[in-house]
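Here's the structure, in structure tokens; my notes come after.
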Amino acid sequence: MKPYTALFRIRFTNSIQYRVAAIAGLCTQFAWGFMYILAFGAFYSENPNAFPMTWEQMISYIWLQQAFMILFMIWFWENDIVESVESGSIAYELVRPMDLYNRWAVSIAASRMARCVLRAAPIIIVALILPARFRLAPVMDFRMNALFLLSMILSLGVVIAFSMLIYISAFRTINSLGTRLTVAIAADFLMGGYIPIPFFPDTVRIIAEFSPFGSMQNTPLLIFSGYLSGDALVRGLGLQVFWLVVLVIIGRILMARSLKRVVAQGG
């Protein structure tokens, strides 16, 4: 366990140093957040009761999505992992006395969490003091906050486990860029990156909710906003645990098979 703890600390420290990139990201997140709010506001102003989420729930969803985007979005790739496979330098990783799957997973988690730390707090603080119509409403219920935190941890696990499948696929391709772009676009839509999943037509909504994408950002954001409660909340957490276990098992099986056939190329 100590090697992975040290790896996490080193990776976290290195990633948190990119403060200029974090500031640029903050500006981008605020711009997108207000754009989404204004776009949805135009529809809500006509008939607020015509939508599955209240305006307050939508505001919470948007600001939390922007604050924790780095944790949830599939398209935040670790390019050094892909390059190590495609260049052949993965051979150096294979001689280290560490499980490669665990090593990659720890590196991904540290990198995402470090970048999130730099962005999330400023976005949430500003969102809490905005004018009432645009303000993020905090949840005062300790139980719901605890469930939100639990769902966040499970979401990050599902995102990492799913991302691992894409990284592992690089062993079987000359260039994984096409795969990564295709998966990122599909995942962004199905996880509610463009519009929340509750807004989907019923058939598409059910597919998205029960797919691994519905267990990513969708569940914790809907818990915090108050949209998920009771049996629906329990089912959402259960699906997160299910997909986390399934994706990790599949990833480990594919990793083991890929490493048996790996041929390092490059120089």
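The values are calculated or read from the model by the stated rules, or taken from the named source; none is laboratory data. Because the structure is predicted, anything quoted here is derived from the model rather than measured. Don't worry about glycine lacking a Cβ; one is built from the backbone with ideal geometry, like all the others, and counts go over all protein chains shown. For accessibility, only protein heavy atoms count, side chains too; no ligands or nucleic acids. Shrake-Rupley method; radii C 1.70, N 1.55, O 1.52, S 1.80 Å.
Per-structure values
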item: Accessible carbon and sulfur surface of the chain relative to its total accessible area, %, 1.4 Å; result: 68 percent
item: Protection-proxy order for peptides 206-219, 39-52, each taking the mean of Cβ atoms within 10 Å per residue, highest first; result: 206-219, 39-52
item: Accessible area (Å², 1.4 Å probe, nearest 10) - Val204; result: 50 Å²
item: Distance histogram for region 97-195 (every C-alpha pair counted, 10 angstrom bins, percent rounded to whole numbers); result: 12, 30, 36, 16, 6, 0
item: Per-residue HN-Hα couplings for region 202-210 [Karplus 6.51, -1.76, 1.60; θ = phi - 60°; Hz; x = Gly/Pro]; result: 3, 4, 5, 4, 5, 4, 5, 5, 8
item: Euclidean distance between Cα centres, region 66-117 to region 172-234, Å; result: 22 Å
item: Note, ³J(HN,Hα) from phi for region 173-182, Karplus 6.51, -1.76, 1.60, rounded to Hz, x at Gly and Pro; result: 10, 6, 9, 8, 4, x, 4, 5, 5, 4
item: Accessible-area value, Asp188, 1.4 Å probe, nucleic acids and ligands omitted, Å²; result: 20 Å²
item: Sequence of Phe12, Phe68 from largest to smallest accessible area, 1.4 Å probe; result: Phe12, Phe68
item: Extreme residue, positive dipole direction of region 129-256, given options Leu244, Ala170, Leu190 (C-beta unit charges); result: Ala170
item: Ellipticity estimate at 222 nm from DSSP helix runs (n ≥ 4, -39,500 (n - 2.57)) divided over the chain, nearest 500; result: -23500 deg cm²/dmol
item: Accessible area (Å², 1.4 Å probe, nearest 10) - Val126; result: 50 Å²
item: For region 2-261: accessible area per residue (Å², 1.4 Å); result: 49 Å²
item: Residue among Ser211, Ser60, Leu100 farthest towards the positive dipole end of the chain, charges placed on Cβ; result: Leu100
item: Size of electric dipole in region 1-120: Cβ of Lys, Arg +1 and of Asp, Glu -1, about Cα centre, debye, nearest 20; result: 500 debye
item: Rounded to the nearest 20 debye, dipole of region 159-257 from Cβ charges on Lys, Arg, Asp, Glu; result: 420 debye
item: Student exercise, region 2-261 dipole from Lys, Arg, Asp, Glu Cβ charges, in Debye to nearest 20; result: 780 debye
